[in-house]
């Protein structure tokens, strides 16, 4: 990853910790112009304290082994990926023992079991999002460019943009950040191990109405139940049957 891209990602993580990020959805809309959360997903982030343990856990639960994606220099994390049908995938993210500093906005180091921590939604025209979000009264972060080198030497490139908000809690960010992959980049879902499919994505939050309202303003329709803690719940269809991730 180039130095400028590292700084972009680190800055995004810092701002995400303070307020979270989200962006513009550009997929076909359903009733009321909103897209269902599961259809909006680009990728889900499943956090754990040890990447090898996370890979083994997912393989045991699904029958599919995730492939190592690479490290995030300057952030202190690394990941492994698993396709979830279409252009959607699961990112298992964990601390990178090869890095001395840990700067990820959510502390994964003490997670003994996998835990959904946030998600990314797919976007196409991020510049248009920025204009529309400002018009809707949101504070904007981005658009920003980023990249990551894969173990095979290929470089993935993307752009992100988002809005600042204050709904993250309990190590969970329910409002997604949005990502648009560069035209020359292979989408991670295309060559990640296949066999699983995302069927549904729901949420719980003490401020459920505020979460649902924020998502709706970003073009997303989600089932957000009232609960004592923030929680993301994804239902996957796998070779071993239905798996619920929280």
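The values are calculated or read from the model by the stated rules, or taken from the named source; none is laboratory data. Because the structure is a prediction, the values reported are computed rather than measured. For neighbour counting, all protein chains shown are included, and Cβ atoms are generated from backbone atoms with ideal geometry for every residue, glycine included.
Does residue 228 satisfy the criteria of being modelled with pLDDT of 95 or more and part of a loop (DSSP other than H, G, I, E, B)? Against the criterion (modelled with pLDDT of 95 or more and part of a loop (DSSP other than H, G, I, E, B)), residue 228 qualifies.
Of the residues making up region 51-71, none is over 25 Å from residue 191 (Cβ atoms) and either modelled with pLDDT under 90 or touching a strand residue (DSSP E or B) at 6+ places or on another chain (Cβ under 7 Å) (or both).
When you go through 209, 234 one by one, which is the residue that is part of a helix (DSSP H, G or I) and out of contact with any helix residue (DSSP H, G or I) (no Cβ under 7 Å at 6 or more places or on another chain)?
From the options 209, 234, the qualifying one is 209.
The set of residues in region 187-205 being touching a strand residue (DSSP E or B) at 6+ places or on another chain (Cβ under 7 Å) and farther than 24 Å from residue 242 by Cβ consists of 187 alone. The single residue among 170, 152 that is on the phi > 0 side of the Ramachandran plot and over 16 Å from the mean Cα position of the chain (by Cα) turns out to be 170. In a residue-by-residue description of region 19-37, the property of being in a strand (DSSP E or B), at pLDDT 50 or above and in contact with a strand residue (DSSP E or B) (Cβ under 9 Å, 6 or more places away or on another chain) applies to at least one position. When each of 201, 215 is tested for being in contact with a helix residue (DSSP H, G or I) (Cβ under 6 Å, 6 or more places away or on another chain) and outside any loop (DSSP other than H, G, I, E, B), the lone residue that passes is 201. Scanning region 86-104 for residues that are part of a loop (DSSP other than H, G, I, E, B) and either surrounded by fewer than 20 Cβ atoms within 10 Å (Cβ to Cβ) or more than 15 Å from the chain's Cα centre (by Cα) (or both) returns 86, 87, 96, 97, 98, 99, 100, 101, 102, 103.
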